[in-house]
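To keep things clear, I will list the structure first and then write my remarks on it.
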Amino acid sequence: MTALLNYQLIYMDTKVTESAFVTAVVIGGGPAGLMAAETLATQGLKVSLYESMPTVGRKFLMAGRGGLNITHSEPFEQFCKRYAEAQPNLQTALNAFTPNDLVNWCHGLGIETFVGSSGRVFPSEMKAAPLLRRWIERLKHQGVEFHTRHRWVGWDDTKQALRFETPQGTQHVSANAVILATGGGSWRKLGSDGQWVELLKDKQIEIAPFKPSNCGFECKWSSILQDRHSGTPLKGVTLTFEDNKGIKWQRKGELLIAKYGLEGSLIYAASSPLREKIIAKGVADLYLDLMPDRPFKDLLKDMNKPQGSRSINSHLKRLGLKPVFIDLLRDRLSTEAMRNAQEITACLKHYPIQLTTPRPIDEAISTAVESNFQT
């Protein structure tokens, strides 16, 4: 929800200047469409919102199952850097609606928030449904009309109107302004299927190919790791890699081992530069510090403690290594290296993983897609 509203304005009548006579259509009932509708309605425009699904906000509700990360509490300048190469084009909009503005907006709906240990901001109830319910109520009070089960299928140029397929057949809708908030290509079953791309291409609007974002990545695990630890979290680890420009990316957080590779909030945060590196190089090499709070020398000292008659596994467990760490070590080190304290320590502090591909778009939390800012 912190991402900027990614919608394309297409004015059908640029001569209208008095808002009282302006009608606006918003296509798409996700957070971007709802926010666009609210922005227009508060300016006095007559707004109709069209959604292909039976209800609005379906993907928003899905996001709420994980607690609904609304925004971040970090300093504003640092927050803006999250937009990377898009920041210059988006800075004016970010200045106009800051993370603090978003938090205050939630409070205006009667939704209290709190800052988690990671610096992320969440609703106190950790649910999306109460926020969505109050938001829709306010929009209706502002005069926004909702039309569900209306799929936008293009324009009727002869009638200067939009065409919608509905249970009652094709309907034509005219408006002074149209905002497309039609989403990307992930989680198609929730309504975001990306069919709008071809409609815009027919109007000579350039759209970059869809790419998965906030997604998991594939890597090769042994069958032991897959069988024993699929779904096991790696908490408080540090992820490091170099992006395509040779800039070091490093952050501490949580990962989740999946049968196919890695997922979780930390890899999601790095998904854009990792994806671009795979596109450019074919693979992306990263390194994990599995025990970032333990200095190398201190950890090495522990690893050098006598093994005695214990097995390697028992010895490492006695030294405080989690079973998942031991199996991760076995996935990278030879039997001989597993008896070498220096090798074990180096691997724990600089664990190599080679990512081969992002997961499919439909599994991604979101989609990287953009129109050309120059057109």
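The values are calculated or read from the model by the stated rules, or taken from the named source; none is laboratory data. Given the structure is predicted, the values throughout are model-derived calculations rather than measurements. Methodologically, a virtual Cβ is constructed for each residue, glycine included, from the backbone with ideal geometry; neighbour enumeration extends over all protein chains shown.
Worth pointing out:
For (1) assigned to a helix (DSSP H, G or I); (2) more than 16 Å from the chain's Cα centre (by Cα), each residue gets a yes or a no:
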site	(1), (2)
29	no, yes
33	yes, yes
67	no, no
79	yes, no
84	yes, no
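- Taken residue by residue, region 211-218 has no member that is on the phi > 0 side of the Ramachandran plot, modelled with pLDDT of 95 or more and of a type outside the set (Lys, Arg).
- Taking the criterion of being of a type in the set (Asp, Glu) and over 22 Å from residue 53 (Cα atoms), the residues of region 176-214 that qualify are 202, 206.
- Residue match in region 145-161 (condition: among the β-branched types (Val, Ile, Thr), in contact with a Pro (Cβ under 9 Å, 6 or more places away or on another chain) and not assigned by TED's automatic domain parsing to the domain that holds residue 266): yes
- Any hit, region 209-220, residues being within 18 Å of the chain's Cα centre (by Cα), exposed (fewer than 13 other Cβ atoms within 10 Å of the Cβ) and part of a loop (DSSP other than H, G, I, E, B): yes
- Leading residue by the ranking (farthest from the chain's Cα centre (by Cα)) among those in region 320-355 that are assigned to a helix (DSSP H, G or I), charged (D, E, K, R) and surrounded by 14 or more Cβ atoms within 10 Å (Cβ to Cβ): 343
- Residue match in region 368-375 (condition: over 24 Å from residue 85 (Cβ atoms), surrounded by fewer than 17 Cβ atoms within 10 Å (Cβ to Cβ) and of a type in the set (Val, Ile, Thr)): no
- Tally of residues being among the small types (Gly, Ala, Ser), under 20 Å from residue 143 (Cβ atoms) and assigned to a loop (DSSP other than H, G, I, E, B) across region 35-65: 2
- If you check 246, 253, 264, 236 for being surrounded by fewer than 16 Cβ atoms within 10 Å (Cβ to Cβ) and either under 21 Å from residue 292 (Cα atoms) or in contact (Cβ under 8 Å) with a residue 12 or more places away in the chain (or both), only one passes: 236.
- For region 301-343, the set of residues classified as of a type in the set (Val, Ile, Thr) and either touching a Phe, Trp or Tyr at 6+ places or on another chain (Cβ under 7 Å) or at pLDDT 90 or above (or both) consists of 324, 326, 335, listed by residue number.
- Taking the criterion of being in contact with a strand residue (DSSP E or B) (Cβ under 7 Å, 6 or more places away or on another chain) and either assigned to a helix (DSSP H, G or I) or among the hydroxyl-bearing types (Ser, Thr, Tyr) (or both), the residues of region 228-266 that qualify are 229, 230, 232, 238, 240, 260, 265, 266.
- Any hit, region 59-68, residues being closer than 20 Å to residue 272 by Cβ and touching a helix residue (DSSP H, G or I) at 6+ places or on another chain (Cβ under 7 Å): yes
- Qualifying positions in region 96-119 - outside any loop (DSSP other than H, G, I, E, B) and in contact (Cβ under 8 Å) with a residue 40 or more places away in the chain: 99, 102, 113, 115
- A single member of 161, 177 is surrounded by 15 or more Cβ atoms within 10 Å (Cβ to Cβ), farther than 20 Å from residue 31 by Cβ and over 22 Å from the mean Cα position of the chain (by Cα), and it is 161.
- Residue match in region 129-145 (condition: within 20 Å of the chain's Cα centre (by Cα), over 25 Å from residue 41 (Cα atoms) and in contact (Cβ under 8 Å) with a residue 60 or more places away in the chain): no
- Taking the listed residues 290, 299, the one that is touching a residue at least 60 places away in the same chain (Cβ under 8 Å) and buried (at least 19 other Cβ atoms within 10 Å of the Cβ) is 290, with no other qualifying.
- Residue 285 vs. criteria buried (at least 19 other Cβ atoms within 10 Å of the Cβ) and either in the same structural domain as residue 81 (by TED's automatic domain parsing) or within 15 Å of residue 351 (Cα to Cα) (or both): no
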